[in-house]
1. In the list A:Ser234, A:Ser225, which residue meets the criterion of being closer than 30 Å to B:Arg59 by Cβ, surrounded by 19 or more Cβ atoms within 10 Å (Cβ to Cβ), touching a residue at least 24 places away in the same chain (Cβ under 8 Å) and away from chain B (no Cβ under 13 Å)?
2. In the range B:273-320, which residue that is touching a residue at least 40 places away in the same chain (Cβ under 8 Å) and part of a helix (DSSP H, G or I) is farthest from the other protein chains (Cβ to nearest Cβ)?
3. Quick one: how many residues across the range B:212-223 are surrounded by 17 or more Cβ atoms within 10 Å (Cβ to Cβ) and either in a loop (DSSP other than H, G, I, E, B) or out of contact with any Ser or Thr (no Cβ under 8 Å at 6 or more places or on another chain) (or both)?
4. B:Lys162 fails exactly one of the following numbered conditions: (1) touching a residue at least 40 places away in the same chain (Cβ under 8 Å); (2) under 24 Å from the mean Cα position of the chain (by Cα). What is the number of that condition?
5. Where in the range B:74-186 are there helices (runs of 4 or more DSSP H), lying wholly inside it, with at least 3 residues that are touching a Phe, Trp or Tyr at 6+ places or on another chain (Cβ under 6 Å), over 30 Å from B:Glu290 (Cα atoms) and within 14 Å of chain A (Cβ to nearest Cβ)?
6. Pull up the range B:239-271, narrow it to residues that are assigned to a strand (DSSP E or B) and touching a Ser or Thr at 6+ places or on another chain (Cβ under 6 Å), then point me to the one that is surrounded by the fewest Cβ atoms within 10 Å (Cβ to Cβ).
7. Criterion first (at pLDDT 95 or above, part of a helix (DSSP H, G or I) and more than 30 Å from A:Asp164 (Cβ to Cβ)) does A:Val39 satisfy it?
Amino acid sequence: MTTTATTTESTPDAQVPNYNPKSESAGAKRAKSTLFHIVALALTAVVLYPGLWMIASSFKPNAEIGGTNTSLWSNNFSFDNFVTAMEGIGGVSTLTFFTNSLILAVGAVVGTVLSASVSAYAFARIKFPGRSIFFGMMIATLLLPFHVVIIPQYIVFQQLGLIDTYVPLLIGKFLAADAFFVFLMVQFMRNLPGELDEAARIDGAGHVRIFTSIMLPLMKPALISTSIFSFIWSWNDFLGPLLYLNTPDKYPLPLALRLFVDQTQSSDYGAMIAMSVLALLPVLIFFLVFQRYIVEGVSTQGLKG
Amino acid sequence: MINRRNFLTTVAVGTASAAALAACGTGGGTSAGETGSAENPVTINYTWWGNDDRAERTRKAIALFESKNPDIKVNGNFTDFAGYWQKRATEAAGGGLPDVMQWDLSYLRDYGQRNQLLDLGTVKINTDAFDKSLLPSGQIRGKTYGIPTSTNAFAVYYDPAKLATLGIAEPTGKWTYKEFNDFLTEVGTKSKSAIFGSTDYTGVWWMFNIWLRQNNIEAFTEDGKLGFTKDDMKKWWNQTAGLRGTPAIITEERVTQLAPKSPFGSNVTATEVTWDNFMAGYLADSGAKELKLVPVPSDDPDNLGLFLKPSMLMVASAKTKFKDAAARFIDFMVNDPEVGQIFKTSRGVPASKTQRDGTTFEGTDKLVVDYEKSIEQYLKEAPEPPIVGFGTLEASFKRVSSDLNYGKLTIDGAADAWFKEAEDLIKQNA
């Protein structure tokens, strides 16, 4: 861009050599862009510093974390924290915690994608009696804080004898209880041209066929966003597993992390931080693999609007 | 497809079968609860908070219990301290508390008054080996809800190595508040502010509570009201009025910078007032070779206001189906000498004499046990379990006094702020 600008400027047609507004604006642009990048880099550094601190601390001995120790890197570099972290807690291996987290997260992704897309199709494309009322009710559940429903929900699952199983944590995902995702998909589907399913209907396709062959492929960006969010939310969920799971063998990572810090006894910050780093990896990988689809999703949504 | 009528039938059938199942569960309940046999053992749930180390020790204790009591199986679960209480609150509301639980004194009155906990006076637990001054702390209006596993006492910690380098004589623990303040100032000035005397000890609730006891005032009355006045509180915070902002007391900014580690654990202060079970944590954090404990200051040498506080209690759920098994497990955990040998002082100093005598204490453990022995003559009856919402009051006491150190509040303003919060809270829970 800038090179083409300079070549046009240097053409002999330019009759006013003393004053060239184009080159000045290019210079000003460059200055602005430099300033912008400096500010952006500074902000990035501020935002990323805690992450850097966490990674650096995971290689420090426990005694050098926090307190009067202000240096980022330690001279006593070691992998001891990771070794302790992998040993597990109270006879439960750390791999078990990872597996449990993975089961819950994958279950949440599968459940949410299946149930939310089907419900969204119904809300967006099928005119059934009371549709807008039901849609309103679904949106209203977004306004209901989780803490209000905890106890009634707990009582229901307790009476059904489902405490200490993954059922209470996953059943909602398979029943499209996450109104946010349904809403997201409904909005997405409403932006898809109705002519597409009309054409399919003329060709004799029913709802199942329209949904699977027309809608699902077009909804890929929305499905990907939903997968990423439900994976990360499930991976980070602390309160749900805390309330519904009793046996340490079934704990996911967020519960296990907390067990390294016990304020009534001595705390192993090193192991906790090392395990946090390990716990971050799957989410990071998941995000890196799917992030280009997020951008894609946003841009296609923008075009359709 | 499910139509409306079918749906209703399904729900009805479901509810009926759930009720039938529930009936099976509760059937055959006697006053002692269900009992098991070696071939057909009953399973009780036990839950505790704590780290990896406690989980290991508890597992060993459970294995020992099961081998001695083949008719009972114990299913052990654990979480961290903060999550522990969120989980219990939900379970209590849902009626699903575990059979036996490790408990904290701050929550005893709350759950006891709501009839969530079993009156342990109605089952067989041997408390003969317990110090009689200790048991009231597990009792509310004559009913025993908790049996202490172990005890803490309040103390002044100091690092002898630091005092030696500064050329300051080690304290004997026989000191008035004036002498204690002078000592803190000496540390701050002789080290040229490199080491502070201590954190502001007037910001520690239990230190305030002990000072009240030294002046023969109970912090809370029997009917759950405040037993002290605003003037008492102002007088207390005035104790260190001359020390705030001097090298005797570490600044609040510095304390915040050091978090989550304590100033004493970070080797920034020479002394600290707190419970004697923090020893292991302080040693690990500070890397000090040795730390020592002496009694708190008092202006009345015969009344140090000290008492033994249960560091933990064992309680049972009021709804447990296995009262007898639960009682046997609690009795085992608090009295058995082998259990003492497993836990050492990691729960605190064992409360029962049989357990204490059956345990060999070495190193750190011995320091703490010896300290509690040395103050035996000064110990008075433990206070009743704290009022409901005590945790909030303690936190706000800490917050208000740190504002005092920041200079955001005057002593009068701090006392007004705390009293308003306390009175609102007491009214709410009345």
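The values are calculated or read from the model by the stated rules, or taken from the named source; none is laboratory data. All values derive from a computational prediction rather than experimental measurement. Positions of Cβ are generated from backbone atoms using ideal geometry, with glycine treated the same way; all protein chains shown enter the neighbour counts.
1. Numbers: A:Ser225 fails: closer than 30 Å to B:Arg59 by Cβ.
When all the criteria are applied, what remains is A:Ser234.
2. B:Asp276
3. First, pick out the residues of the range B:212-223 that are surrounded by 17 or more Cβ atoms within 10 Å (Cβ to Cβ): B:212-214, B:219-220.
Next, from what is left, pick out any that are either in a loop (DSSP other than H, G, I, E, B) or out of contact with any Ser or Thr (no Cβ under 8 Å at 6 or more places or on another chain) (or both): B:212-213, B:219-220.
Adding up the residues that qualify gives 4.
4. Here B:Lys162 clears every test but (2).
5. Values: elements: B:81-94, B:108-113, B:160-166.
Because the criterion is at least 3 residues that are touching a Phe, Trp or Tyr at 6+ places or on another chain (Cβ under 6 Å), over 30 Å from B:Glu290 (Cα atoms) and within 14 Å of chain A (Cβ to nearest Cβ), the helices (runs of 4 or more DSSP H) in the range B:74-186 that meet it are B:81-94.
6. Step one: filter the range B:239-271 for residues assigned to a strand (DSSP E or B), giving B:249, B:269, B:271.
Subsequent filtering for residues that are touching a Ser or Thr at 6+ places or on another chain (Cβ under 6 Å) retains B:269, B:271.
Working: B:Thr269: 27, B:Thr271: 25.
Applying the filter and picking the extreme gives B:Thr271.
7. On the way: at pLDDT 95 or above: yes; part of a helix (DSSP H, G or I): yes; more than 30 Å from A:Asp164 (Cβ to Cβ): yes.
Judged against the criteria, A:Val39 is a match.
Okay, residues lined up against (1) farther than 21 Å from A:Gly172 by Cβ; (2) surrounded by 21 or more Cβ atoms within 10 Å (Cβ to Cβ); (3) under 18 Å from the mean Cα position of the chain (by Cα):
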position	(1), (2), (3)
A:Gly206	yes, no, no
A:Pro217	yes, no, no
A:Leu243	no, yes, no
A:Ala256	yes, yes, no
A:Phe260	yes, yes, no
